[in-house]
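The values are calculated or read from the model by the stated rules, or taken from the named source; none is laboratory data. Because the structure is a prediction, the values reported are computed rather than measured. As a convention, Cβ positions derive from the backbone with ideal geometry for all residues, glycine included, and neighbour counts pool all protein chains shown. The protein model used for the area step is the full one, side chains on, heavy atoms only, and it has no ligands, DNA or RNA in it. Shrake-Rupley method; radii C 1.70, N 1.55, O 1.52, S 1.80 Å.
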Amino acid sequence: MVSKLQASEPWQDPEAQPFVRIEGVTKTFGSVYAVDAVTLHIYQGELFSLLGSSGCGKTTLLRMLAGFEKPTSGRIYIDGLDVTDMPPYERPVNMMFQSYALFPHLSVASNIAFGLRQQRMPKGEINDRVQELLELVRLGNYGKRKPDQLSGGQRQRVALARALAKKPKLLLLDEPLGALDKKLREHTQFELVGIQERLGTTFVMVTHDQEEALTMSTRLAVMHEGRVSQIGTPQHVYEQPNCRFVADFLGAANLLPGRVVGARDEGIEVAIEGLDEPLIAGDGTAGVEPGMEVTVAIRPEKMLLGDKGENKLRGVVQDIAYLGDISIYHLRLPSGRVIQAQVTNRVRGGGAHPVWDDEVTVSWNVDSATVLSS
Ligand code: ATP
């Protein structure tokens, strides 16, 4: 019997077969390694994100799944089939491009029906399918409009409906929300996740937006210079980054380089230059040896003003960024290093929070500090 955990998190189940298998795939353009020895398994029904900054190779990897690029080496399997040498139109895959590329002279309904007509589906079936898709993306009454009579968000949904028309087993999305403004983007993120969950179709999405990847994905792969730095659930990669790059790329992180000097039951002791007392870090301690050069990473939201946590630092308020719901305090330590601590603005008008040039203590729990050895 499959447990609930295994059903919702198939990657935890050693018996589960991946739906997409990318095995040791490399793609070079001349001397550039766009994708470098990537192995990645994606399971049925996932909304999986490839996340990374410009040039990290995420689009090239997506294009290889679509069949628009051929790997230089390695194999790709989709639904048990080796598709490495298969042309795009033979793959059970569709791709939604960032530009949406709707035909401007065709109505919304005809845009969605386009691929089905080419497939010579009977007219009645096409009409039913188009209506079903319009309902799915909440545009039931918009079938007769032309693309230029729609908002950006609506155009995005038409493009999604069109990409889903032929019931692909795998939908590839290249920066699907890239053309939308921030507010609409946030709203559409939830909508896209809702549609994906209802259909159960596997989605692989490329994005450079960390928040988007964290909000929407079942799991994500953080890519850097053609390689996968870390794969995991949003919570896992955010809370337990495996290297400095991931810690720094996903949200803000205080990164304090130091040397391992001892161990306690609750974690390891790391001596940080300029600090009198070693810090204790409780996470990421496996394989850490005395004398090793490491980095201690702490998220600003885990640093609390006050001395309640086991690790403490004193610093002077150098800057305060007020962001509405939260404020970010920049604190200068005696060594000159500046760290960030986040404060939730619960009380209107600022309450009793410290101000510029105040000397304050920040503290955090041992488990909120992660040791990074690379
Ligand atoms: P972006 O977010 O800017 O699209 P990306 O992470 O998707 O970036 P890719 O487009 O996959 O990155 O590119 C990865 C690397 O491969 C880059 O250095 C890029 O210049 C190079 N590259 C991609 N396509 C080609 C091509 N057709 N010819 C030559 N080099 C290419």
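Here are some notes:
- Sites E273 and Q17 - FRET efficiency at Förster radius 45 Å, r taken between beta-carbons, to 0.05: 0.35
- With respect to the chain, whose longest principal axis is taken over its alpha-carbon atoms, helix 108-118 is tilted by about 70°.
- Computed lengthening from E225 to E289, 0.36 nm per intervening residue step minus Cα-Cα distance: 20.2 nm
- Value of [θ]222 nm, deg cm²/dmol, for the chain, DSSP H segments ≥ 4, -39500 (n - 2.57) each, nearest 500: -7000 deg cm²/dmol
- Modelled label reach - D85, point 7 Å along Cα→Cβ, the range 35-58 residues with backbone N closer than 11 Å: none
- Across the range 314-374, the relative contact order, built from alpha-carbon pairs under 8 Å that are at least six residues apart, equals 35 percent.
- Here the contact order of the range 60-184, divided by its residue count and restricted to Cα pairs under 8 Å and six or more residues apart, works out to 33 percent.
- Counted over all Cα-Cα pairs of the chain, pairs farther apart than 36 Å make up 36 percent.
- Accessible heavy-atom area order of R162, R219, R75, R198, highest first, probe of 1.4 Å: R198, R75, R162, R219
- About its Cα centre, the dipole of the chain is roughly 2020 debye, where the only charges are +1 on Lys and Arg Cβ and -1 on Asp and Glu Cβ.
- Estimated distance in nm for a label pair at D265 and W356, the labels positioned 7 Å out from Cα along Cα-to-Cβ: 4.7
- Working value for the range 177-277: equivalent-ellipsoid semi-axes of 35, 15, 13 Å, each the square root of 5 times a Cα gyration tensor eigenvalue, largest first.
- Net charge over other residues, Cβ less than 13 angstrom from the Cβ of S49 (K, R count +1; D, E count -1): -4
- Nearest 10 degrees, 0 to 90: helix 182-199 Cα axis against the chain principal axis: 60
- Using a probe radius of 1.4 angstrom, the carbon and sulfur fraction of the accessible surface of the chain is 48%.
- When you work out D = kT/(6 pi eta Rh) for the range 219-374 at 25 °C and 0.890 mPa s, using the Kirkwood radius from C-alpha pairs as Rh and the Stokes-Einstein form, the result is 151 µm²/s.
- For the pair R346 and R120, a Förster radius of 51 Å applied to the C-beta separation gives a FRET efficiency near 0.25, rounded to the nearest 0.05.
- Only lysines eight or more places from K182 in sequence, or on another chain, were considered; those with a Cα closer than 29 Å are K58, K144, K146, K302.
- Charge dipole of the chain about the Cα centre (unit charges at C-beta), most positive-ward option of V222, L65, A321: L65
- For the chain: relative contact order, % (alpha-carbon pairs under 8 angstrom, 6 or more apart): 15
- List L275, L304, L50, ordered by accessible area with a 1.4 Å probe, largest first: L304, L275, L50
- In nm, spacing of pseudo-spin labels at K166 and D148 (7 Å Cα→C-beta vector): 2.9
- Accessible-area order (highest first, 1.4 angstrom probe) of the listed residues Y322, Y77: Y322, Y77
- The peptide list 81-88, 40-47, put in order of mean Cβ contacts within 10 Å with the highest first, becomes 40-47, 81-88.
- Between the amide H of E69 and those of M64, distances stay under 5 Å, these residues lying 5 or more places away or on another chain, with hydrogens modeled in the peptide plane.
- Å² of accessible area per residue within the chain, as computed with a 1.4 Å probe and no ligands counted: 50
- Beyond 21 Å, the tail of the calculated P(r) for the range 1-104 holds 41 percent of the Cα pairs.
- For the chain, the longest principal axis of the Cα atoms and the long axis of helix 152-164 meet at an angle of about 60 degrees.
- Computed FRET value (nearest 0.05) for S31 with E197, which takes r as the C-beta separation and R₀ as 35 Å: 0.25
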